[in-house]
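See structure below.
The values are calculated or read from the model by the stated rules, or taken from the named source; none is laboratory data. The model shown is predicted, which means the values in this text are computed figures rather than measured ones. Glycine gets a Cβ as well: all are built from the backbone with ideal geometry, and neighbour counts include every protein chain shown.
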Amino acid sequence: MTLVIPVISGTKGGTGKTTIAVNMSVLAAYRLRSSSPYPVVLLDLGVDNGTASKVLLGSLTKVNYTMSDYLTGRVNNPLYTLYLKSWLIGGDEMRIVFSVPGNVVEGVPLFKLKYALRTAMDYLKPIVVFIDTPSLGFTRQFLEPIVSEATHVVPVATVDHSSIESLASVVNFIRGVKGGINVLPPILNMFDQRYPVDPTTGKEWVKIVEESVGVKPYTVAYDKLMYTARQAMEVELLKIAPSESQAVMDIVKYFNEVLWPLINK
Ligand SMILES: Nc1ncnc2c1ncn2[C@@H]1O[C@H](COP(=O)(O)OP(=O)(O)OP(=O)(O)O)[C@@H](O)[C@H]1O
Ligand SMILES: [Mg+2]
């Protein structure tokens, strides 16, 4: 069975969903290289063209159709909105199939996202699909059709109350859409080990997340190198060593401990 894993946060933007979704996709593609033709699909649903797909597109500028073209009916087959990024690692090819969102306009029939996802799954037979979701008011509209197809979710928050509260509310919404959905340990991103306690409540941030979401989080460090690290992971697979970036190390730990055991079942 294909794993379908949206990376979500609440209404708060910039929590690191894209960074995490792309890095997880790269790690999975690396581990699953040569195990099947298209082991990893990354659905980029970021509004305003999306960041994940931009990173993967790199210098590949020719995009014929976007997800938005499909949602608005300009193209009927959602497979036309998918692109392939591949890397050669030794003798093996590492591959990620990804979508380009385009400018997703309001009022488009979002239920079609479900069909796009199913078509991609039927045709490509991926082992895992990661979904990079947008923030803002779009969250719930976008999440409804996607969550109904999801097997797990990766919740992401940053070290602040509004981010954690809005994440908790979206996780509750998701549990309402699909009872029994597997909410994986949340990621508490941009965490600074020197300041583990919230000064306003005197509680540890990790505890606050655990109480709000109901599952104990993993922390990903705040990391000045993240921008470089992102480039390293996403574009060339490590222009810098992962050990130079604490955040990348933390993401690798999450992948190894939480995701890989599910993927490799
Ligand atoms: N652990 C980290 N340490 C430092 N910077 C980070 C970290 N994680 C993400 N960032 C930076 O924060 C910014 C926002 O990250 P990202 O785009 O992944 O968030 P997002 O949740 O996808 O945002 P949006 O809601 O706009 O889609 C980026 O510049 C990214 O490089
Ligand atoms: Mg994003």
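To keep it simple, each residue is scored yes or no on (1) among the hydrophobic types (A, V, I, L, M, F, W, C); (2) touching a residue at least 60 places away in the same chain (Cβ under 8 Å); (3) closer than 20 Å to V147 by Cα; (4) exposed (fewer than 15 other Cβ atoms within 10 Å of the Cβ).
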| position | (1), (2), (3), (4) |
| --- | --- |
| L56 | yes, yes, no, no |
| K62 | no, no, no, yes |
| L71 | yes, no, yes, no |
| D92 | no, no, no, yes |
| R95 | no, yes, no, no |
| L110 | yes, no, yes, no |
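Scanning region 95-109 for residues being among the small types (G, A, S) and in contact with a strand residue (DSSP E or B) (Cβ under 6 Å, 6 or more places away or on another chain) gives a total of 1. Remark: pairs (first residue in region 216-237, over 17 Å from R194 (Cα atoms) and at pLDDT 90 or above; second residue more than 16 Å from ligand 2 (Cβ to nearest atom) and of a type in the set (D, E); Cβ separation under 6 Å; 6+ apart in sequence or on different chains) = K216/E210. Comparison of V108, V170 shows that the only residue that is part of a loop (DSSP other than H, G, I, E, B) and among the hydrophobic types (A, V, I, L, M, F, W, C) is V108. Based on what the data block shows, is G13 surrounded by fewer than 17 Cβ atoms within 10 Å (Cβ to Cβ), within 13 Å of ligand 2 (Cβ to nearest atom) and of a type in the set (G, A, S)? When the stated conditions are applied, G13 passes them. Looking only at region 67-86, residues that are among the aromatic types (F, W, Y) and either closer than 17 Å to F130 by Cβ or assigned to a loop (DSSP other than H, G, I, E, B) (or both) come to 1 in all. Filtering region 102-132 to residues that are within 14 Å of ligand 1 (Cβ to nearest atom) and at pLDDT below 90 leaves only V104. A residue that is aromatic (F, W, Y), within 16 Å of ligand 2 (Cβ to nearest atom) and at pLDDT below 90 can be found somewhere in region 137-149. Would you confirm, using the coordinates I've provided, whether D48 is surrounded by fewer than 24 Cβ atoms within 10 Å (Cβ to Cβ) and among the acidic types (D, E)? The answer is yes for D48. May I ask you to verify whether I20 is away from ligand 2 (no atom under 13 Å from the Cβ) and under 22 Å from K253 (Cα atoms)? For I20, the condition - away from ligand 2 (no atom under 13 Å from the Cβ) and under 22 Å from K253 (Cα atoms) - is not met. Filtering S162, S166 for residues that are out of contact with any helix residue (DSSP H, G or I) (no Cβ under 7 Å at 6 or more places or on another chain), of a type in the set (S, T, Y) and within 16 Å of ligand 2 (Cβ to nearest atom) leaves a single hit, S166. Within region 122-159, the residues that satisfy the criterion of being of a type outside the set (F, W, Y), over 21 Å from P261 (Cα atoms), surrounded by fewer than 18 Cβ atoms within 10 Å (Cβ to Cβ) and touching a residue at least 60 places away in the same chain (Cβ under 8 Å) are L136, G137.
Just one of G10, G46 is within 16 Å of ligand 1 (Cβ to nearest atom), among the small types (G, A, S) and in contact with a Leu (Cβ under 7 Å, 6 or more places away or on another chain); which is it?
Working: G46 fails: in contact with a Leu (Cβ under 7 Å, 6 or more places away or on another chain).
Exactly one residue qualifies, and that residue is G10.
In region 96-154, the residue that is farthest from V75 (Cα to Cα) out of those that are in contact with a Leu (Cβ under 7 Å, 6 or more places away or on another chain) and of a type in the set (F, W, Y) is F130.
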